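The values are calculated or read from the model by the stated rules, or taken from the named source; none is laboratory data. The structure presented is a predicted model; accordingly, all values stated were derived computationally and were not measured. Glycine also receives a Cβ, built like all others from the backbone with ideal geometry; neighbour counts cover every protein chain displayed.
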Amino acid sequence: MNTFFDSASTALALITSFDPLLLSIVARSLAVSTVACALACGLGLVLGAWLGVARFRGRGLVLTLLNTLLALPSVVVGLLVYLLLSRTGPLGWLGWLFSFKAMVLAQAVLVLPVVTALTRQIVDDAERSHGEQLRSLGAGPLLRSLLLGWDERYTLLTVLMAAFGRAISEVGAVMIVGGNIDGFTRVMTTAIALETSKGDLPLALALGLILLGVVLLLNAGVALLRRWHGQLDGTGGGAAVVAA
């Protein structure tokens, strides 16, 4: 019991004193996830919007594969990226393994199916509601995807927040390709795992509290955004959940 309260009080002291080691790990984690989400969302939003309006032979197979990738474990993504970036891999010449860039790539690959699948579902639902009207006005697939995506922009923002929550809370992929190197590739989730195994519970708990705080802010942002959007269109607002 004393160990728990001692660890908690020390963890709070680390946070309130802005411990340099703590801040460096948090900053690196936020940087990796932000860059990875920017890359994944840039591609995923476009691909998902196109899949939402496009109708082609084999579309059902593509969607099945996309939905399957949603359940792809992060350690498998880390393994695949590791094989690509290893010295004998096809991208080994880049020299990215155990670096910031490798972690960004791993998280981007992990988040891309999430952004694509959720965007596709949102645009597909909008297409079923308004697609016929747009087609009657002569709008092609590209224009419809752009118009429907803009119309659902507030809902798509919740997708971006969910993607960031997925990225910042994962541990397996970044640990495999980043190596959890102190001062270079150690992020919040990998540091929590390492410090817990070492018995440094205050630092692990401090990082855990900050991670929970980030996820809480994301959920609050999603809820406020959806409620505000609901008030604008008169439909009311529900709250999405960003899982940690």
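Listed values, structure above:
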read-out	value
Failed condition for residue 184, given (1) farther than 17 Å from residue 104 by Cβ; (2) more than 18 Å from the chain's Cα centre (by Cα)	(1)
Of the criteria (1) of a type in the set (D, E, K, R); (2) more than 17 Å from residue 47 (Cβ to Cβ); (3) more than 23 Å from the chain's Cα centre (by Cα), which one residue 101 fails	(3)
For residue 197: the one exception among (1) of a type outside the set (A, V, I, L, M, F, W, C); (2) in contact (Cβ under 8 Å) with a residue 12 or more places away in the chain; (3) within 26 Å of residue 81 (Cβ to Cβ); (4) assigned to a helix (DSSP H, G or I)	(2)
Segment 208-243, subset surrounded by fewer than 17 Cβ atoms within 10 Å (Cβ to Cβ), assigned to a loop (DSSP other than H, G, I, E, B) and within 15 Å of the chain's Cα centre (by Cα), residue modelled with the highest pLDDT	243
Options 128, 135, 120, 87; residue that is of a type in the set (Lys, Arg), under 21 Å from residue 47 (Cβ atoms) and either exposed (fewer than 14 other Cβ atoms within 10 Å of the Cβ) or more than 20 Å from the chain's Cα centre (by Cα) (or both)	128
Of all residues making up segment 17-54, the number that are free of Cβ contacts under 8 Å to residues at least 60 places away in the same chain and more than 13 Å from the chain's Cα centre (by Cα)	6
Every residue from segment 157-175 that is polar (S, T, N, Q) and closer than 17 Å to residue 73 by Cα	169
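Quick grid of which residues meet (1) closer than 30 Å to residue 144 by Cα; (2) out of contact with any strand residue (DSSP E or B) (no Cβ under 9 Å at 6 or more places or on another chain); (3) buried (at least 17 other Cβ atoms within 10 Å of the Cβ):
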| residue | (1), (2), (3) |
| --- | --- |
| 15 | no, yes, yes |
| 20 | no, yes, no |
| 24 | no, yes, no |
| 42 | yes, yes, no |
| 46 | yes, yes, no |
| 50 | yes, yes, yes |
| 60 | yes, yes, no |
| 72 | no, yes, no |
